[in-house]
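See below for the structure under consideration.
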Amino acid sequence: MTGLQDKLTPAQVEEFGRELDEIRQRIVADLGQADVDYIHNVIKTQRALEVTGRGLLFAGFFPPAWVAGVAALSVAKILDNMEIGHNVMHGQYDWTRDPALSSQKFEWDNVAPAENWRHSHNYMHHTYTNILDKDRDIGYGVLRMDPAQKWNPYYLGNPVYAVALAFMFQWGVMLHDLEFDRIVKGERKWSDNKEVGLKMLKKAGRQVGKDYVLFPLLTGPLAPLTFLGNATANLTRNLWAFSIIFCGHFPADVESFTEEETENESRGQWYLRQILGSANITGGKLFHVMTGNLSHQIEHHLFPDIPARRYPEIAGEVRAICEKYGLPYNTGPLHKQLFSVAKKIVKLAMPWNGAPRTPATVESDKTLRAA
């Protein structure tokens with residue numbers, strides 16, 4: 001980690017953590033019917049948009065109907081994955097005891113099986129956020145997204161891989177769990193993927209069958225147009241999800257950490273790592289809903305199991321706490337954050353942009369090694 005932790009004494013780190021815990025406790029105590037009504041309304045809206053979109057594709061021979069159908073279906077898929085699926089599977093609504101909102105039972109409109117995703121994302125990513133060689137979301141095993149990642153000629157294709165991942169993002173998320181990079185390194189065997197792979201095949205088969213066989217066939221002679229419409233909706237969702245997720249994790253100044261730096265970290269130090277390793281995106285209310293409120297990635301990483309609709313109301317408090325302790329609060333409009341991510345992807349494709357991480361500043365104070 002950088003020398004940022006030198007600005008905080010052990011007592012300050014403890015107080016910093018206590019202040020964030022107070023925010024969490026206050027929100028948890030306030031959860032109630034308004035939160036339930038909100039997520040149910042979003043689900044109703046998503047379903048209505050999907051029915052409308054698929055219905056309009058039955059009139060796909062009329063160009064305006066096809067465009068409107070694709071638009072409605074695209075928004076439905078975005079809402080399903082971002083504001084509903086991602087947040088429900090985080091356990092944000094488990095407190096309701098509603099089976100339809102159970103993190104363990106929910107399945108989303110995505111080729112990535114929910115069970116696999118819950119392990120790789122909820123556990124691995126949110127536990128080991130931005131820890132090199134532990135958080136496999138750093139580059140998704142495909143990209144070089146940190147200068148501490150050892151360069152090799154493969155990374156000259158960084159920009160090409162990024163574009164491909166953006167277009168095929170749901171497939172990238174699914175294949176992420178196969179851990180190809182570890183297989184190449186000899187750290188994992190193909191046989192270790194049998195159970196995970198079977199789940200992928202089953203889920204991907206259902207998704208492909210639904211979007212590219214069943215619904216096109218239902219529209220009879222319009223099947224090619226329906227096929228194209230579903231593909232366009234999936235592409236739109238992929239590009240949107242990639243953009244929002246990468247802007248929340250990889251703009252300039254977002255930090256990564258070593259295992260040594262994060263060893264035996266306290267609650268306050270864990271909070272500090274989440275803030276230094278995340279970035280927000282500014283925008284209006286509708287924009288935040290369409291991102292699943294992952295435009296408040298900092299707040300999400302601090303409190304991943306609190307309903308995301310609550311992030312906007314606490315963002316100001318979190319930012320004030322960061323300012324109080326002299327910590328960065330990385331935020332900006334989508335175009336700025338996206339440009340920053342693109343610049344980093346291109347920059348890290350080159351061999352001269354890289355430097356090994358050293359925990360020198362950490363060694364000076366063992367009590368802050370995880371800050």
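The values are calculated or read from the model by the stated rules, or taken from the named source; none is laboratory data. In this text the structure is predicted, and so the values were computed from the model without any measurement. Using ideal geometry, Cβ is built from the backbone for each residue, glycine included, and neighbour counts are taken over all protein chains shown. Keep in mind that these areas ignore ligands, DNA and RNA; they rest on the heavy atoms of the full protein, side chains included. Shrake-Rupley method; radii C 1.70, N 1.55, O 1.52, S 1.80 Å.
Summary of values
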item: Positive-end residue, the chain charge dipole about Cα centroid, Cβ charges, pick of Thr45, Ala76, Asn230; result: Asn230
item: Selected from Ala114, Ala162, Ala223 as most flexible by GNM, with the chain as the system and alpha-carbon contacts under 10 Å; result: Ala223
item: Whole-Å distance, taken between Cα centres, linking the stretch 252-331 and the stretch 100-164; result: 18 Å
item: The chain: angle of helix 158-167 to the longest principal axis, Cα-based, in degrees nearest 10; result: 40 degrees
item: Above-threshold pairs, the threshold being 32 Å between Cα atoms, out of Lys44/Lys347; Lys199/Lys285; Lys185/Lys336; Lys44/Lys203; result: Lys44/Lys347; Lys199/Lys285; Lys185/Lys336
item: Net charge over other residues, Cβ less than 12 angstrom from the Cβ of Gly209 (K, R count +1; D, E count -1); result: +3
item: Gained length - Phe167 relative to Phe58, 0.36 nm times residue gap less alpha-carbon distance; result: 36.6 nm
item: Solvent-accessible area, 1.4 Å probe, carbon plus sulfur percent, for the chain; result: 63 percent
item: Contour excess over end-to-end distance, with Cα ends at Arg267 and Val160 and 0.36 nm allotted per residue; result: 34.6 nm
item: Nearby lysines by direct alpha-carbon distance to Lys324 (threshold 19 angstrom, same-chain neighbours under 8 apart not counted); result: Lys7
item: Convex hull volume per residue for the stretch 3-110, taking Cα atoms only, in Å³; result: 163 Å³
item: The chain: angle of helix 10-30 to the longest principal axis, Cα-based, in degrees nearest 10; result: 30 degrees
item: Cα→Cβ-extended label distance, 7 Å offset, between Gln104 and Trp352, nm; result: 5.5 nm
item: Where trypsin sites (Lys or Arg not before Pro) fall in DSSP loop in the stretch 31-127, at most 13 other Cβ within 10 Å; result: Arg97, Lys105
item: Mean separation of Cα contacts under 8 Å, 6 or more apart, over the residue count of the chain: relative contact order %; result: 26 percent
item: Mean separation of Cα contacts under 8 Å, 6 or more apart, over the residue count of the stretch 181-293: relative contact order %; result: 18 percent
item: Distance (nanometres) between label positions extended 7 Å along Cα→Cβ at Ala68 and Leu239; result: 2.3 nm
item: 0 to 90° range, to nearest 10: angle between helix 311-324 axis and the chain longest Cα axis; result: 20 degrees
item: Helix-only [θ]222 nm of the chain, DSSP H runs n ≥ 4, -39500 (n - 2.57) each, per residue, nearest 500; result: -16000 deg cm²/dmol
item: nm² value of the averaged projected area, convex hull over the Cα atoms of the stretch 303-352; result: 5.6 nm²
item: Ala48 versus Val213: modelled label distance in nm, points set 7 Å from Cα along the beta carbon direction; result: 3.3 nm
item: Calculated FRET value between Trp190 and Asp30, using beta carbons and R₀ = 51 Å, to 0.05; result: 0.55
item: Tail beyond 40 Å, pair distance distribution of the chain (Cα, percent); result: 15 percent
item: Equivalent-ellipsoid semi-axes of the stretch 179-292, from the Cα gyration tensor, Å, largest first; result: 37, 25, 11
item: Average silhouette area of the stretch 204-254, convex hull of alpha-carbon atoms, in square nanometres; result: 4.0 nm²
item: Those lysines that a straight Cα-Cα span of less than 26 Å connects to Lys202, excepting residues fewer than 8 apart in one chain; result: Lys77, Lys105, Lys189, Lys194, Lys210
